[in-house]
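Input: a single structure, listed below in structure tokens.
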Amino acid sequence: MDAALSREPLTARLHLDAGFELIPHPPDDISTDLNIIDAPAARWSIGDLRYHYRAAFTMEAGAEADQEFDAAFMATGAGLRVLNLSRTGWSGWMPSALVMYERMFRITDVDNSPESAPERTFGRLRLVYRHQLDLGTLGLSGFTLAGGLQYTREFGQSAAYRDAGFHSRFGWVADLSRAILWQGRERSGRIDLFVRYSGGRIAPLVDSDRSFTLGLRLPYSR
């Protein structure tokens, strides 16, 4: 197989978080992730931040590998997530953020990679900045636009890996989705048709790349 056609890494993540909201948010202002409610735009002030944000301590475990499984890693880490709960009105413009530090452990013995391959164990810092907005505010009912930036820096890598600049990475992603809703006998259903465009280097990729993805997403309710 042509390796250039199989560059997308295989990843899996499981996270558990425990957090708090400063003040419970008025329930009629936030639509769930499953059902979209076009709420009217409300007057907003800086003091409303206390209603819209949830802070959480996050523990995460995961795995990542190339598609040939020549380099497969397990990951464990912890971090802080600051989540904007609002999806309606102009408050949906407010960002979410994540700071995560994790340890990476290589679990494969096969090594066909060059001298600049990553070490068997190393640390990784991830900084993520993200927006998600229901475009019903702009008259586009059912559409959601999401975008984010991610900076990754790895510690404890080989000198050759650092000299190649692979230890420091920056990438971005934009995602536009359209919700398709229907009413079933017992509950309403939803499926999202989405297009995503990403660029830069988003770990575990080491090379700068751009990709376009078209697909279906099954959302779940909070």
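Structure summary
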quantity	calculated
Residue in segment 167-188 that is out of contact with any Leu (no Cβ under 9 Å at 6 or more places or on another chain) and modelled with pLDDT of 90 or more present	yes
Flag for THR144 being over 26 Å from PHE73 (Cα atoms), polar (S, T, N, Q), open to solvent by less than 40 Å² (accessible area, probe 1.4 Å) and part of a strand (DSSP E or B)	yes
Segment 56-68, subset aliphatic (A, V, I, L, M) and at pLDDT 90 or above, residue farthest from GLN132 (Cα to Cα)	ALA63
Unmet criterion (only one of (1) within 30 Å of SER141 (Cβ to Cβ); (2) modelled with pLDDT of 80 or more; (3) among the hydrophobic types (A, V, I, L, M, F, W, C)) for LEU85	(2)
ARG126 among the charged types (D, E, K, R), open to solvent by 60 Å² or more (accessible area, probe 1.4 Å) and at pLDDT 85 or above	no
Subset of segment 147-165 that is of a type in the set (Phe, Trp, Tyr) and either over 30 Å from SER86 (Cβ atoms) or not in a strand (DSSP E or B) (or both) - its residue that is farthest from the chain's Cα centre (by Cα)	TYR161
Condition check for TYR151: surrounded by 15 or more Cβ atoms within 10 Å (Cβ to Cβ) and modelled with pLDDT under 90	no
Residue satisfying all of: in segment 88-123; open to solvent by less than 40 Å² (accessible area, probe 1.4 Å) and of a type in the set (A, V, I, L, M); modelled with the lowest pLDDT among these	ALA117
Any hit, segment 178-191, residues being touching a residue at least 12 places away in the same chain (Cβ under 8 Å) and within 30 Å of GLY79 (Cα to Cα)	no
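The values are calculated or read from the model by the stated rules, or taken from the named source; none is laboratory data. Just so we're clear, the structure is a prediction, and the values are computed from it rather than from any experiment. Cβ: placed from backbone, ideal geometry, glycine included. Neighbour counts: every protein chain shown. The area values use the complete protein model at the heavy-atom level, side chains included, leaving out ligands, DNA and RNA. Shrake-Rupley method; radii C 1.70, N 1.55, O 1.52, S 1.80 Å.
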